[in-house]
Amino acid sequence: MARKTKAAGAAAAPQVDATYSIGDLAEACGISVDTLRVWERRSGRPEPVRLPAGHRRYTSSHVRWLRRVATALAAGHRAGAAVAASEEQLEQMIASAAAAQVPAEGLDPFFDAVKTYRESAILERLWDGWRRLGPDGLLEHVLDPLLVRAGRAWADGDLDVRHEHFLSDAVEHFLRAARASVEVRKDGRLIVLTTLPGEMHGLGIQMAAIVAARTGWRPRVLGVNTPLDETVRAAGETRADAVGISISLHTGGVESDRLLAGLRERLAPEVRLIAGGSGARGVRRGPRGIAYATTLADLRRILREA
Ligand code: B12
């Protein structure tokens, strides 16, 4: 991964894609216009760009920033603190919510194993968690915080790209093996799992596939970065009942909303479209006809009720 670019709670230069009215911004972030106005009055953020005629406009970086504020709120942080936070602090707020769930023995042994390239130690530890905490507990209380912390450690320079790639590969290895160990009902309903074009984060769909299989559904995983038409064709060919899309913090935003809306339009109306992942978080009002799953527990509920 490369270093982060600057995100914006402040106004961007007027010539930079300043295309959102406050209503558009509210719609894109799932935060009401009234709330946005209160925040701006109290803290000066989001600071709009002023057009020559005096109109206030917002940019896609405002959208991205506000969605992360919404994520921090969803994790239980106060609005005043989240809105005033620097980008780094906001990341920490989001990450600390997951870290609070970490089991007593902590995550350090994973990082020791990563830095010494001991894949078997990582896998043994994950299988041990699978047995002790159960699949749902392992996914939620170990893997989720582990990956959040890995992202944090990378951003802080405590984990190098090679180590982070090594960890991702070991986790993927584990998730595939774990899914193979779950008995899949032959008559279960079918869900196609993939990511949008441009999205390379694929561990979310591997996790969602385990949850689906354990809920009695048959998962079909297409991997990452799938063109919309290919996803639509796969859904038709498998006669899928649902399509699940994972959206990372990196790609979540207006463009992924646009792609999701396009996918919704092209899928047969009876096929459910479910979006999950931290990039889909905080969106309370995304494009129509899409169920947003903030957590794997949400996915379980949606699949059981479907
Ligand atoms: C591993 C990783 C990678 C790996 C992915 C490998 C792989 N096989 O997937 C690689 C190296 C490819 C990668 C690349 C990049 N990454 Co990266 N990556 C991560 C890391 C550490 C983990 C991602 C992950 O798998 N998380 C676990 C997922 C599953 O968690 P989740 O999204 O919260 O989802 C949960 C639920 O919502 C649910 N869920 C997930 N999916 C779904 C789907 C459905 C249908 C449902 C119902 C539920 C559901 O399950 C999860 C568990 O509860 C994160 C750190 C983090 N905080 O996530 C950074 C992170 C996402 N990456 C980041 C960045 C910047 C990048 C790059 C831009 C770096 C670069 N310049 O190359 C690229 C972008 C690639 C791209 N175009 O997508 C940033 C994004 C920051 C931001 N806010 O924009 C993060 C947050 C790291 C950080 N702290 O800065 N990355």
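Quick look at the values:
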{"quantity": "Volume per residue of the C-alpha convex hull in region 91-248, rounded to whole Å³", "calculated": "112"}
{"quantity": "Cβ-based charge dipole, the chain, positive-most Cα from SER43, ALA113, LEU167", "calculated": "SER43"}
{"quantity": "Cα-based radius of gyration of region 108-180 once divided by 2.2 N^0.38 Å, which approximates compact folds", "calculated": "1.04"}
{"quantity": "Cα-based Kirkwood hydrodynamic radius, the chain, one decimal, Å", "calculated": "20.4"}
{"quantity": "Residue-averaged [θ]222 nm for the chain, counting only DSSP H segments that reach four residues, each worth -39500 (n - 2.57)", "calculated": "-16000 deg cm²/dmol"}
{"quantity": "Percentage relative contact order, the chain, counting C-alpha pairs under 8 Å, at least six apart", "calculated": "16"}
{"quantity": "Sorted largest first, extent of region 22-85 alpha carbons per principal axis (Å)", "calculated": "39, 22, 18"}
{"quantity": "Globularity ratio of region 173-275, using Cα Rg and 2.2 N^0.38 Å", "calculated": "1.02"}
{"quantity": "Contact order relative to length of region 185-305, as percent, for alpha carbon pairs under 8 angstrom and 6 or more apart", "calculated": "27"}
{"quantity": "Average Cα contact separation per residue, region 22-85, under 8 Å, 6 or more apart, as relative contact order %", "calculated": "33"}
{"quantity": "DSSP beta bridge pairing in the chain, given as percent antiparallel to the nearest 5", "calculated": "15"}
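Computed from the coordinates by the stated procedures, all read-outs in this text should not be read as laboratory data. A quick note: this is a predicted structure, and the numbers were derived from the prediction, not measured. With ideal geometry, Cβ positions are generated from the backbone for all residues, glycine too; neighbour counts draw on all protein chains shown.
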